[in-house]
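To keep things clear, I will list the structure first and then write my remarks on it.
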Amino acid sequence: MAQWQSLGYSALLIVTAIQAVSASLGDRLEIYQSLLRQCTSNCHETTIPWRLYVFGWNCLHDCKYQSMHRVVDMLIENNQPIPQWHGKWPFVRLLGIQEPASVAFSIGNALANYYGWKAYRNSIDSSYRMYPMVRTYFIVSVNAWFWSIIFHTRDLVWTERMDYFSAGAVIGLGHYLFVFYLLSIHSYNFLARLYGVFVFLLYSYHIYYLAFIEFSYSYNMQFNIAIGILTAICWCVWCIKVLKVRPHVWICLLCAIGTPAVAVLEVFDFPPIWWTFDAHSLWHAATIPFAYLWFLFLRNDAEFEINGNQEKFD
């Protein structure tokens, strides 16, 4: 007991250290490092519960988790600010799931894509010009949310890479979907394919740079934001232009504006509510309705064209 009291008092001495360093450097606190060394010296892999073992937890990972939350408890008890550890806020895991809220909301997004695609598939004939592209978009999107589930279940180097790479694929394909949509209206199929090759090569170089040159978070963010904003602007301009003849495009406009807008949640970073709901998880929650609405727009637009409105193609 005396040892924990001493550590508790020591928490008072690290306040200035927390304020002096980046909030992502909680793992560098001396009290945390001391607890971590004590834990790892007494830990054996055979003592790891199966519910943690199946998710890839080992002694080091579990000790980091336990030590982090002991420091968090001390800081809370002494009314001190909570830093981040290894670039993340401290979450309370569920069984072996590291970020349960983000996992749940990622599943919600995957399901929204599935049911949106299912309604599209049941309503639109496979011979329709956009059908193969929408099907591909569905597959790539569900793949991205699958890796989001895996990454938020266990934040490891390889799960992080797969999450980032698959998210980039959705953004790139989403941009190509717009260009393909416009070019295929006028049967410019060769130009559509040519632009598809360009997008594929650009994405391939992006992945090559991240995987083999430098895994830069800032570069990856700038790359995705630039393409995402460009695509959103393109859809908005097109929607405004054709709104009178295609009244259903208000759904597209809502998605093009709403999806980037909810990303503002990422700016308001804060310690997780109940150590479960952080800004990132709430952002995932906010994108769920837009995932379904996007397929609703694509379905309504396909029905509009199929039902004899070819003269209104743009």
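The values are calculated or read from the model by the stated rules, or taken from the named source; none is laboratory data. From a predicted model like this one, the values you see are computed outputs, not experimental measurements. When we count neighbours, we look across all protein chains shown, and the Cβ atoms used for this are built from the backbone with ideal geometry, even at glycine. These area figures cover heavy atoms from the full protein model, side chains too; ligands, DNA and RNA do not enter into them. Shrake-Rupley method; radii C 1.70, N 1.55, O 1.52, S 1.80 Å.
Each residue in region 185-199 was checked for being farther than 24 Å from Glu305 by Cα and surrounded by 14 or more Cβ atoms within 10 Å (Cβ to Cβ), and 1 of them qualify.
So which of Ala226, Ala256, Ala211, Ala279 is modelled with pLDDT under 95 and under 15 Å from the mean Cα position of the chain (by Cα)? The conditions single out Ala279.
Quick test of your reading of the structure: Val245 fulfils all but one of (1) touching a residue at least 24 places away in the same chain (Cβ under 8 Å); (2) open to solvent by less than 30 Å² (accessible area, probe 1.4 Å). Name the failing condition by number. So the condition that Val245 fails would be (2). The residue pairs whose first member lies in region 152-166 and is under 18 Å from Gly96 (Cα atoms), whose second member is in a helix (DSSP H, G or I) and hydrophobic (A, V, I, L, M, F, W, C), and whose beta carbons are closer than 8 Å, counting only pairs six or more residues apart or on different chains, are His152/Val103; Thr153/Val103; Thr159/Trp147; Thr159/Ile150; Thr159/Phe151; Glu160/Phe151.
Within region 25-43, being under 31 Å from the mean Cα position of the chain (by Cα) and not in a helix (DSSP H, G or I) holds for Leu25, Leu29.
Counting the residues of region 254-273 that are out of contact with any Leu (no Cβ under 8 Å at 6 or more places or on another chain), without any contact (Cβ under 8 Å) to a residue 24 or more places away in the chain and of a type in the set (A, V, I, L, M) gives 5. Checked against the criteria, Trp147 counts as buried (at least 16 other Cβ atoms within 10 Å of the Cβ) and assigned to a helix (DSSP H, G or I).
Out of all the residues in region 114-130, which are open to solvent by less than 20 Å² (accessible area, probe 1.4 Å) and either in contact with a Cys (Cβ under 8 Å, 6 or more places away or on another chain) or under 21 Å from His186 (Cβ atoms) (or both)? Break it down stepwise before answering.
Narrowing region 114-130 to residues open to solvent by less than 20 Å² (accessible area, probe 1.4 Å): 116-117, 120, 124, 130.
Ile124, Met130 - these are the residues of region 114-130 that are open to solvent by less than 20 Å² (accessible area, probe 1.4 Å) and either in contact with a Cys (Cβ under 8 Å, 6 or more places away or on another chain) or under 21 Å from His186 (Cβ atoms) (or both).
Has region 78-85 got at least one residue that is touching a Lys or Arg at 6+ places or on another chain (Cβ under 7 Å), open to solvent by 40 Å² or more (accessible area, probe 1.4 Å), over 30 Å from Trp50 (Cβ atoms) and in contact (Cβ under 8 Å) with a residue 24 or more places away in the chain? Checking region 78-85: not a single residue is touching a Lys or Arg at 6+ places or on another chain (Cβ under 7 Å), open to solvent by 40 Å² or more (accessible area, probe 1.4 Å), over 30 Å from Trp50 (Cβ atoms) and in contact (Cβ under 8 Å) with a residue 24 or more places away in the chain.
The selection criterion, being closer than 30 Å to Phe268 by Cβ, open to solvent by 60 Å² or more (accessible area, probe 1.4 Å) and of a type outside the set (Asp, Glu), holds for Leu94. How many residues does region 92-141 contain that are farther than 24 Å from Gly196 by Cα and of a type in the set (Ser, Thr, Tyr)? Selection size over region 92-141: 5.
Leu202 passes every criterion in (1) under 26 Å from Pro132 (Cα atoms); (2) assigned to a helix (DSSP H, G or I); (3) in contact with a helix residue (DSSP H, G or I) (Cβ under 6 Å, 6 or more places away or on another chain) apart from (3).
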